[in-house]
Every structure is written in structure tokens, then in C-alpha cells.
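Asks: Handing you a structure now.
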Amino acid sequence: MTAPVKLLYFAWLREKAGVGEEDVQPPATVATVAQLIDWLETQGGGRAEAFADRKVVRVAVNQEYVSLDHPVTAGDEVAFFPPVTGG
Amino acid sequence: MIRVQTDDFDLGAELKALTAGNHAIGGLCSFVGLVRDMAGGEAIGAMTLEHYPGMTEKELERIEAEAQARWPLDATLIIHRYGRLEPGDQIVLVAAASAHREAAFEACHFLIDFLKTKAPFWKLEGTPGGGQWVDARDSDEAATRRWTQSSGKAAE
């Protein structure tokens, strides 16, 4: 990947990860959301704890819901958040 | 029309503006969500609603477009607040207007059910023990699934 991937974290995922927004340069082997999370878990802070239970992590790529096998490419905006509780 | 804002809204004025000038509308249905003062037996002082600026608007527009595709609607409105809210405060307004009541009722119900499980908002409740993120409810997921398993009766 050349351009960075922009990451956003919301609600308790932000609190656990200890970061709300960051630009990252994952290795070229990272091609999907699941692989991105695998890599982020090795990047320190509270990231590993934030992603510990992936069943409760929702993911949006470029502001649309996606599943964990969705591709991630340079320049994407990837957001991680818990199940929503508005309304 | 969709709006995401910190300010309160005036239900009467919003509904009046929504139907103004369109006399083909015979039925207008609205739902307003309010902040409760109790959750799971615990007193709530105030809550803070966080959202995902950008995706929130897109998701609300997708939900609104889906309702308009399913029912013959003349007008729809979604207003959702964020930021600090206190018990009794209005959080959300959804409204649907149509020639007849059935489409208005069903679309209004659909809008709030979908909003609750799709729009990226999160509630942080202030309790005596500190801030607590509200857990998503299975019953909300079930309410949304109902609309995907069988299409609305008034669908065209």
C-alpha cells in the first residue's frame, strides 16, 4: 500500500484502543479488514483489547457497512465501532 | 429530508413544514424518541450521544431512500440529535406522510426500526457509578429483521 489507510474508532472501541483517529501504513500482506485487525492487534496501545471480541465489532469501509472479509486498499477510511444504540 | 443536530426540535413546526403545500397527503405519522431517567434499574443523570459524522448522514439517507422505495410516500423526515441530553429530552423524530394512513404508519415504524440498528450513534449514560456505554438490544435487531423477512403490506 502507498497512501495511508485512515482509521476511526468510536464509543468504547475508541476508549479501549486509546485512539480515536489515526493514519496507518499496513504491510502489503494486509488485503482485508480481518487482516488489518490482525495487524493492528500487534501495534500496541489498547488495540488488542479493543478487538478481543470481534463478534461485537462493526466495520465500515468508506462509510458503508462491510464484513470482515471485505478488501482494504490504500486511501480507504476504515471505521471500527460497537453495535449502534441510537434512536 | 434528514438532519443531524445538537439543537432541540419543535415537533409541531417540523410536521407542519413537512406537509406544507402538499394537499395530496392524507396521512402523517410521526415517532419521537425521548431520554428515559432509568435504565436497567439504575438512575440516569444525563447521556451523551456520539455519532460518526459523514456516515451518519449517508446511512440516514439510505434508510429514507429504502422507505420511499417500499411505500408510496409524499414526504419523510428524520431528525436525530447528538451531544449531551437529559431525561425528558427529545432524541429523535421520524415522520412519514402519504395519501393514506397505512403507508404512513408502516413507513414510520420501518424508519425508526432501521435507524436503531443501522445509524451509527452510541449512547453513553451517566450513572452514579460513572459513564456506561449502552449495549445494543437483541429485540432491536429482531425488529429490523421483521422488515427484511416480509415486505410491508402497503408496499407497491
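Asks: How many angstrom lie between the C-alpha centres of segment B:117-148 and segment B:23-77?
Replies: First find each Cα centre; the distance between them is then 13 Å.
Asks: Summing -39500 (n - 2.57) over the DSSP H runs of n ≥ 4 in the protein assembly as shown and dividing by its residue number, what mean residue ellipticity at 222 nm do you reach, to the nearest 500 deg cm²/dmol?
Replies: -9000 deg cm²/dmol
Asks: With +1 on each Lys and Arg Cβ and -1 on each Asp and Glu Cβ, how big is the dipole of the protein assembly as shown about its Cα centre, in debye rounded to the nearest 20?
Replies: On the way: 23 positive and 36 negative charges, 76 e Å.
Dipole magnitude for the protein assembly as shown comes out near 360 debye.
Asks: Okay, moving on. Tell me the label-point distance for the pair residue B:137, residue B:10, using the 7 Å Cα-to-Cβ offset, in nm and rounded to one decimal.
Replies: 3.2 nm
Asks: Where is the GNM fluctuation largest for chain B (alpha-carbon springs, 10 angstrom cutoff): B:118, B:58, B:16?
Replies: Taking springs between Cα atoms under 10 Å, the residue moving most is B:16.
Asks: Going by the alpha-carbon gyration tensor, a ≥ b ≥ c the square roots of its eigenvalues, is segment A:18-81 rounded (a/c under 1.5) or, if a/c is not under 1.5, prolate (a/b greater than b/c) versus oblate?
Replies: Values: a/c = 1.37, a/b = 1.13, b/c = 1.21.
Rounded.
Asks: For a paramagnetic label modelled at 7 Å from the Cα of residue B:42 toward its Cβ, which residues of segment B:121-136 fall within the zone defined by backbone nitrogen distances under 17 Å?
Replies: What the label zone holds, given the 17 Å backbone N cut-off, is B:122-136.
Asks: About the Cα centre of segment A:18-81, what is the dipole size in debye to 20, counting +1 per Lys and Arg Cβ and -1 per Asp and Glu Cβ, all else neutral?
Replies: Working: 4 positive and 11 negative charges, 42 e Å.
The dipole magnitude comes to about 200 debye.
Asks: If the limit is 22 Å between Cα atoms, which of A:6/B:123; A:55/B:116; A:6/B:58; B:16/B:118; A:16/B:123 go over it?
Replies: Details: A:6/B:123 24 Å; A:55/B:116 19 Å; A:6/B:58 18 Å; B:16/B:118 28 Å; A:16/B:123 16 Å.
Long pairs (Cα-Cα over 22 Å): A:6/B:123; B:16/B:118.
Asks: I would also like to ask the following. Provide the net charge surrounding residue A:61, with neighbours chosen by a C-beta distance below 14 Å and charges set as Lys +1, Arg +1, Asp -1, Glu -1. Walk me through the intermediate numbers first.
Replies: On the way: positive: A:6, A:58, B:58; negative: A:64, A:69, A:76, A:77, B:59.
Within the 14 Å Cβ shell, the charges total -2.
Values in this text are rule-based calculations from the coordinates and carry no lab data. Just so it is clear, the structure is predicted and the values come from calculations on it, not from any experiment. Reconstructed Cβ throughout: ideal geometry from the backbone, glycine too, with neighbour counts over all protein chains shown.
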